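Worksheet: one structure, shown below.
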Amino acid sequence: MRRRAWVLGFAVSAGAAVLVSAGGCSTTSKSTSTPTDVPTATYTFTETPTYSVTRTHTRTETNTYTISNTHTATRTSTPSGSPTNTRTDTQTGTPTCPPGTCSPTNTPSGPNNLAVLGGFCSSVVHVAPITGPGTLGAWTTQPAYPISFGEEGFVAVGNCLFSVAGYNCSAAVSSCYASTASGGTLSAWTTVTAYPVAAFTNHMVEDAGFVFSFSGYGSSANAVYRAMASGCSLSAWTSLTALPVARDFSAFVKAQGYVYYLGGDPTGGFQPSVACYYATISSGTIGAWTTTTALPSPGRFGHELVTDGSYVYVIGGGNNTSPTSTIYAAQILGGGALGSWATTTALPAVRWFLGATVVNGYLYVTAGGDAAGATSTVFSATIGGGVVGSFTTLAPMPIAREDHRMVAF
């Protein structure tokens, strides 16, 4: 704030006049007499100029991965002697970046490796690191599984991998094993609580530290069990709401607090089903099963089911006696129901009894069978919003597999 003051003075005496200028400039006098009475008037003027400047900046950057930041800047200046400025900035939004390209302070969350277990009469276990967007490092051989088998349940809970039941080349088994992951290396497999029944083609999901197994074929084909994972051990298994119908080679996936049960073969004679069900999953429980939008005819069996969190996708599988390359997608609607099914980018080749999972916005597909038998191919593609992008062929697995399971950890 600047203050200006003017002082005006004048004096009057006989025969004389004096003019005094403000600011100390020149003085003119016309008299030699001495002023005796000098009245003085003082006037004070105050200037208070104030102003404010408000600026709002909004920036949106879009590339393959979207970074959206909103910046709000407010600047206030009040002159008072020397001007002073005050500025506040507010930023909203959390930048994300594609896997493998983030700085150490902004790294992608989620699994960093893929593990493949089993296959028809196989004890070989392989792990590959996820090295970048849709890319994998070399597959490495891990400690062998205690038995040669396939069509087992397989699930990861943190750094613990659990295998449940399966088919040991001649019959269904109830044995369960666990391995501890350290980075991309697995420990030797150890025995954990056995499954209540001998079963195979069962699928598994994890929720809040519980593992759920949905039996596919065996003495209790429509049974559902769950156990609590504590470290790399399992509690006793508890029976839950049974599946509405028993099916062989069906598929399950968890999304938005629901578990989805799609397709499968109800007869064991290569007769795929179109029926789809869903149920709530929470706190170690499964709610009642409800039907939702059916798959396009003739349905699927030997397929995989994955999710991007908003859509579920049916990957490959068989329609009657032949493998397919078709991929279907359906949106998850309010209340858990599924919207209509639509086709998206097909697999590069027909596959059934394959492995598939989604990590950091990419779909990974391993091995599976074609019309001639087991394969070792590995594919990846972007996935999201009901759309699968163009597939990239990655380095093949060390051995051919079908009827295997794959998890990300």
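Between rounded, prolate and oblate, where does the stretch 113-408 land on the alpha carbon gyration tensor, with a ≥ b ≥ c its root eigenvalues, rounded for a/c under 1.5, else prolate if a/b exceeds b/c?
Since a/c stays below 1.5, the shape of the stretch 113-408 is classed as rounded.
Among C169, C276, what is the fewest-to-most ranking by other Cβ atoms within 10 Å?
Arranged by neighbour count, lowest to highest, C169, C276 become C169, C276.
Towards the positive end of the charge dipole of the stretch 113-408, with charges on Cβ (+1 Lys, Arg; -1 Asp, Glu), say which of G150, Y167, S310 has the farthest Cα.
About the Cα centre, the residue reaching furthest to the positive side is S310.
How far, in nm, would the chain grow between S235 and T291 when pulled straight, counting 0.36 nm per residue and subtracting the alpha carbon separation?
Roughly 17.1 nm would be gained on extension.
Need one number: nm distance between label points at A395 and A138, each 7 Å from Cα along Cα→Cβ, rounded to one decimal.
Going from the A395 label point to the A138 one covers 0.6 nm.
For N319, enumerate residues with amide H under 5 Å from its amide H, sequence gap 5+ or separate chain, H modeled in the peptide plane.
The list, which skips near neighbours in sequence, is T324.
For the stretch 337-409, what does the alpha-carbon gyration tensor say about shape, rounded, prolate or oblate, given a ≥ b ≥ c as the root eigenvalues, a/c under 1.5 as rounded, and a/b over b/c as prolate?
Prolate, because a/c is 1.5 or more and a/b exceeds b/c.
Each residue of the stretch 364-376 in order: what ³J(HN,Hα) in whole Hz does its phi give by Karplus 6.51 cos²θ - 1.76 cosθ + 1.60, θ = phi - 60°, with x for Gly and Pro?
Once rounded to whole Hz, the list reads 10, 10, 10, 6, x, x, 10, 5, 8, x, 5, 10, 10.
Coordinate-derived values only; no laboratory data. Predicted model, so just to flag it, every value in this text is computed and none were measured. Neighbour counts are summed over all protein chains in view; Cβ atoms, including those assigned to glycine, are modelled from backbone coordinates with ideal geometry.
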